[in-house]
1. When you go through (1) touching a residue at least 12 places away in the same chain (Cβ under 8 Å); (2) out of contact with any helix residue (DSSP H, G or I) (no Cβ under 7 Å at 6 or more places or on another chain); (3) within 20 Å of residue 34 (Cβ to Cβ) one by one for residue 98, which number turns out not to apply?
2. Run residue 175 past the list (1) within 14 Å of the chain's Cα centre (by Cα); (2) at pLDDT below 95 and report the number of the one that doesn't hold.
3. For the stretch 67-87, indicate whether the set of residues that are under 18 Å from the mean Cα position of the chain (by Cα) and over 23 Å from residue 42 (Cβ atoms) is non-empty.
4. Among the residues of the stretch 158-167, write down those that are free of Cβ contacts under 8 Å to residues at least 60 places away in the same chain and assigned to a helix (DSSP H, G or I).
5. Go through the stretch 142-168 and report how many residues are modelled with pLDDT of 95 or more, more than 20 Å from residue 22 (Cβ to Cβ) and touching a helix residue (DSSP H, G or I) at 6+ places or on another chain (Cβ under 9 Å).
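The values are calculated or read from the model by the stated rules, or taken from the named source; none is laboratory data. Just so we're clear, the structure is a prediction, and the values are computed from it rather than from any experiment. Positions of Cβ are backbone-derived with ideal geometry, glycine not excepted, and every protein chain shown enters the neighbour counts.
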């Protein structure tokens, strides 16, 4: 499956515009992480793009989130590590462990998108172009800010050898590339 096919699948499976935007942001951050870590950019971007395909069906059943997506992807030619990473991004609810760089990257990458978006929304112009990566790392310390964003998941970047300030900069820069698509 190439990125264009993944995008069509996302559009056919996800009606919620917020989840679509989150998926696009996750894909661009995963692509940047792959570039930084010398991994296959298309494969990692697809993991980010497709990781929440089933969210509309499983939001109230987190013990199924990721598993339904794995079923949807079973007949595709996606590498097995992508499907495993998609399941592992919900490891706590599925009794799984994150063991590969892609597992860690997907969890950290998709999570930081929420913190970057929330940080963007407190800027007067609500534009990614204005967001400073340092603001994102500062917001990491504010537990009440974007309280649903799991800071421990974001810190998984360190297990990939990427310090938090560098990770925040990577995510902000990557998301700026698609700021028009994100409406930010």
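1. (2)
2. All conditions pass for residue 175, except number (2).
3. Checked against the condition, which is being under 18 Å from the mean Cα position of the chain (by Cα) and over 23 Å from residue 42 (Cβ atoms), the stretch 67-87 yields at least one hit.
4. 158, 159, 164, 165, 166, 167, listed by residue number.
5. 9
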